[in-house]
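Below is one structure; the comments refer to it alone.
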Amino acid sequence: MAVSKAHIKASNKYNKANYKQLNINLKPDDFSIIDEHCKDHGISKAAFVIGACKYCIDNNIDLSK
């Protein structure tokens, strides 16, 4: 089923109003580790990153050391 231009425009408008983007550069080995983990557990990379960040925040994990 084809997506109309109006649907694309509406989706883009919704996404712009309701989401922010976080772009990161990863080394291929790091990407592969994350990608494989997400595939094995049936989660998106976005869900994994959000969960990992919230875990670190909730547990006061300081990665700056």
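The values are calculated or read from the model by the stated rules, or taken from the named source; none is laboratory data. These figures come from a predicted structure and were not determined experimentally. Neighbour counts are summed over all protein chains in view; Cβ atoms, including those assigned to glycine, are modelled from backbone coordinates with ideal geometry. Side chains included, ligands, DNA and RNA excluded: accessible areas come from the protein's heavy atoms. Shrake-Rupley method; radii C 1.70, N 1.55, O 1.52, S 1.80 Å.
Which of the residues spanning the stretch 13-31 are of a type in the set (Lys, Arg) and either in contact with a Cys (Cβ under 9 Å, 6 or more places away or on another chain) or not in a helix (DSSP H, G or I) (or both)?
Those that are of a type in the set (Lys, Arg) and either in contact with a Cys (Cβ under 9 Å, 6 or more places away or on another chain) or not in a helix (DSSP H, G or I) (or both): Lys20, Lys27.
Considering each of Ile43, Ile57 in turn, give the residue that is touching a His at 6+ places or on another chain (Cβ under 9 Å), hydrophobic (A, V, I, L, M, F, W, C) and free of Cβ contacts under 8 Å to residues at least 60 places away in the same chain. Break it down into steps so the answer makes sense when it comes.
Details: Ile57 fails: touching a His at 6+ places or on another chain (Cβ under 9 Å).
Criteria check complete, one pass: Ile43.
Would you check which residues across the stretch 32-65 are open to solvent by 90 Å² or more (accessible area, probe 1.4 Å), part of a helix (DSSP H, G or I) and not β-branched (Val, Ile, Thr) and list them?
Glu36, Lys39, Asp40, His41, Lys54, Tyr55, Asp58
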